[in-house]
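J.: If you scroll down you'll find the structure; I have some questions about it.
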Amino acid sequence: MTTAINSTPRPLFLSVEGPIGVGKTTLTKILSKHVDAFSLREIIEENPYLKDFYENIEEYAFQTEMFFLCNRLKQLSDVQTKKLEQGIPVIADYNIIKNLIFAGLTLDLNQFQKYKQVYSILIDGLIQPDVIIYLHGDVDFLMKRIEMRDRPFERNMSKQYISDLSDEYAHYFAPCSLKHYFTEIPKVISINVTNRDFVNNPEDVKYVLQEINNATGQNYYLKEDK
């Protein structure tokens, strides 16, 4: 059984975050194999407002963000009782903080103030990760990733939107900002993915595992494919 940070009784809970196209789900899937963890992946396509959101952000932003917030809260609540409390480590391909990041970018000031009030109430007592892996990269690199995966609802996504989103992430994950968004400040591993390939380069995966070891005091290693 894996011991979490600060000798708490629960197993490791780690989340991977970063702007669209940065490779969160890919890295989550890879790491879950090497640390024997359950891979928690957010549900994106099931959001009924998402297609309309990318066609008219101003009109559909609030509905979209509220759906994501409620959906992620349910997922995290379930994973706490069904996985972490049962001794199973978890790696999630998102962190709940992304709700504030996206909402701050897409909602007007009045909507965002209301949203933050609801957010603060709903996340009270929500389980927090021991470590967040914050992925970031050059905007052109992210745009190429988005184009390659070719999700229908992302086809009209603008470079300016991704640039603004990357700036928002950089602000929220700046060391001086973290204390404003978490009741207990998690350890953050910041990785620029522009020149990394977690799928084809095992050394890049080993680098992330070593960073996790440094943050947790554990001894995870690269497992050979069977």
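The numbers here are math on the coordinates, done by the rules we state, and not lab data. In this text the structure is predicted, and so the values were computed from the model without any measurement. Quick reminder, even Gly has a Cβ in these numbers, built from the backbone with ideal geometry, and neighbours come from all protein chains shown.
J.: If you place +1 on the Cβ of every Lys and Arg, -1 on the Cβ of every Asp and Glu, and leave all else neutral, what size is the dipole of the chain about its Cα centre, to the nearest 20 Debye?
T.: About 580 debye.
J.: Another question, then. In terms of the Cα gyration tensor, with a ≥ b ≥ c the square roots of its eigenvalues, is the chain rounded because a/c is under 1.5, prolate because a/b exceeds b/c, or oblate?
T.: Taking the square roots of the gyration eigenvalues as a ≥ b ≥ c, the chain is oblate.
J.: Still on this structure, I have one more. What order, most packed first, do the peptides 116-123, 68-75 have when packing is the mean number of other Cβ atoms within 10 Å of each residue?
T.: In decreasing order of mean packing, 116-123, 68-75 become 68-75, 116-123.
J.: Starting from one equal scatterer on each C-alpha and no solvent at all, send me the Debye-based log10 I(q)/I(0) for segment 57-167 at q = 0.14 Å⁻¹, two decimals.
T.: Per q value, in the given order, log10 I(q)/I(0) is -0.71.
J.: Sort 93-103, 204-214 by the packing proxy (mean of other Cβ within 10 Å over each peptide's residues), most packed first.
T.: Sorting 93-103, 204-214 by mean packing, highest first, produces 93-103, 204-214.
J.: If you don't mind, another one. Averaging sequence separations of C-alpha pairs under 8 Å and six or more residues apart, then dividing by the length of segment 134-226, give the relative contact order as a whole percent.
T.: 31
J.: Counting Lys and Arg as +1 and Asp and Glu as -1, each charge on the Cβ, what is the dipole of segment 49-156 about the Cα centre in debye, to the nearest 20?
T.: In debye, rounded to 20, segment 49-156 gives about 300.
J.: Farthest toward the dipole's positive end in the chain, which of 109, 195, 158, given Cβ charges of +1 (Lys, Arg) and -1 (Asp, Glu) about the Cα centre?
T.: Among 109, 195, 158, the one farthest towards the positive end of the dipole of the chain is 195.
J.: Next question. Extension gain residue 78-residue 201, at 0.36 nm per residue separation less the Cα-Cα distance, in nm?
T.: Here the segment from residue 78 to residue 201 would lengthen by 40.9 nm.
J.: List the lysines whose Cα sits under 30 Å from the Cα of residue 33, skipping any in the same chain fewer than 8 residues away.
T.: 24, 74, 82, 83, 98, 144, 187, 206, 223, 226
J.: Let me ask something else. Can you list the residues, at least 5 places off or on another chain, whose amide H is less than 5 Å from the amide H of residue 188, using H built in the peptide plane?
T.: For residue 188, whose amide H was placed from the backbone, the distant partners under 5 Å are 132.
J.: What do the square roots of 5 times the Cα gyration tensor eigenvalues come to for segment 1-132, in whole Å, largest first, as semi-axes of the equivalent ellipsoid?
T.: 29, 16, 12
J.: What residues qualify as long-range amide H neighbours of residue 17, i.e. H under 5 Å apart, gap of 5 or more or another chain, H built at 1.01 Å from N?
T.: 133, 134, 135
J.: Additional query: Over the chain, what relative contact order in percent results from Cα pairs under 8 Å that are six or more residues apart?
T.: Rounded, it is 29 percent for the chain.
J.: Can you list the HN-Hα couplings for segment 95-109, worked out from phi with the Karplus curve (6.51, -1.76, 1.60; θ = phi - 60°), rounded to whole Hz and with x for Gly and Pro?
T.: After applying 6.51 cos²θ - 1.76 cosθ + 1.60, I find 10, 4, 4, 4, 4, 5, 5, 5, 5, x, 8, 9, 8, 6, 4 Hz.
J.: Report the residue, chosen from 183, 25, 106, that carries the largest GNM mean-square fluctuation when the chain is represented by alpha-carbon nodes joined by springs under 10 Å.
T.: Comparing 183, 25, 106 in the GNM, the peak value goes to 183.
J.: Run the helix sum for the chain: -39,500 (n - 2.57) per DSSP H stretch of 4+ residues, divided by residue count, reported at 222 nm to the nearest 500 deg cm²/dmol.
T.: Value at 222 nm, helices only, nearest 500: -15000 deg cm²/dmol.
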